Amino acid sequence: MAPSKSRIKVAVIGAGAAGLCAGRHLIAEPNQFQFDIYEQQDDVGGTWRYSTHIGQDQYGLPVHSSMYKNLRTNLPKEVMAYPGFPFEESEGRSFLHHTEVLKYLQDYAKHYGLYEYIKFHKLIENIRPLKQEDGSVEWAVSFRDVVTKEKETYIYDAVMVCNGHYSVPYMPEIEGLNDFKVARAVGGASSVLYLTNLLELNLLLSERGMPKLFVSN
Ligand SMILES: Cc1cc2nc3c(=O)[nH]c(=O)nc-3n(C[C@H](O)[C@H](O)[C@H](O)COP(=O)(O)OP(=O)(O)OC[C@H]3O[C@@H](n4cnc5c(N)ncnc54)[C@H](O)[C@@H]3O)c2cc1C
């Protein structure tokens, strides 16, 4: 993107539902804004990008998504859509599978031409205010490419933080929990395991050097 002094330079962090919506409105005012969207993953969708990884993804980042394999929405699609961009009809069903929500978000990004503005695999590591002589503030946005590990810093006039808020697991304090090592070592807190049989679970345990199988429900 060619830098232009007259336009406001905006960094959007995250290409989930919120970051895409921010991008869609920034792109609607091309004379006013130029922008980049930074996304640590390799596609849009945020938490709707279900992952089979446990704990960390292939780049060593904490798994962002909190989806589980068979999750359906707990809101009807009629109230989940962006204004002016309805969900496709799905045989009259309102409570969609998570894969349909992901496709909807991908379609939204394509429809509004957002993909070319998204810098994938870029993990924002730091945002620093830079006070200018005239009292205004610019923002130094530092990021790391999760594949090449290269680090860079770009300067923006404004930052929109759309990094989601359902990726940090909550573990309740329960007496004896630390002794229940299967939950900690196999599932971690952010993943729901979907295993089709006990053999699969045993294999997973042995891969992680855990000789015993505890089953709880
Ligand atoms: C299990 C579950 C079920 C849900 N069900 C529903 C439902 O039925 N209906 C509904 O309307 N809502 C539901 N929600 C709410 C859901 O959070 C919202 O629908 C929506 O996905 C939130 O979008 P977001 O953009 O705020 O966050 P996210 O979808 O979490 O996206 C944040 C993005 O920011 C990226 N990111 C984060 N940190 C960085 C960084 N440092 N550098 C670069 N990129 C970064 C992430 O990779 C991610 O792509 C559900 C949430 C969960 C967890």
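Values quoted throughout were computed directly from the atomic coordinates according to the rules given, and no laboratory measurement underlies them. Everything quoted here is computed from the prediction, not taken from an experiment. Because the Cβ atoms are built from the backbone with ideal geometry, glycine has one as well, and the counts that use them run over all protein chains shown.
Quick notes on this structure:
- Spacing of the two label points (7 Å from each Cα toward its C-beta) at Asn31 and Asp43, in nm: 3.8 nm
- In region 1-123, a dipole from Cβ-located charges (positive for Lys and Arg, negative for Asp and Glu) runs towards its positive end, and of Leu96, Tyr112, Pro86 it is Tyr112 whose Cα lies farthest in that direction.
- With an a/c value of 1.5 or above and a/b not larger than b/c for the gyration tensor axes a ≥ b ≥ c computed over the alpha-carbon atoms, region 8-161 is described as oblate.
- Computed over neighbours whose Cβ is under 14 Å from that of Lys77, the net charge equals -3, Lys and Arg +1, Asp and Glu -1.
- Computed from label points 7 Å out along Cα-Cβ, the spacing between Ile174 and Glu133 is 6.2 nm.
- Summed residue charge, Cβ within 13 Å of Met67's Cβ, Lys/Arg positive, Asp/Glu negative: +2
- In plain terms, the chain from His53 to His121 could stretch by 22.8 nm, reckoned as 0.36 nm per residue minus the Cα-Cα distance.
- Candidate cross-link partners of Lys149 among the aspartates and glutamates, defined by an alpha-carbon separation under 17 Å and a same-chain spacing of 8 or more, comprise Glu39, Asp42, Asp57, Glu125.
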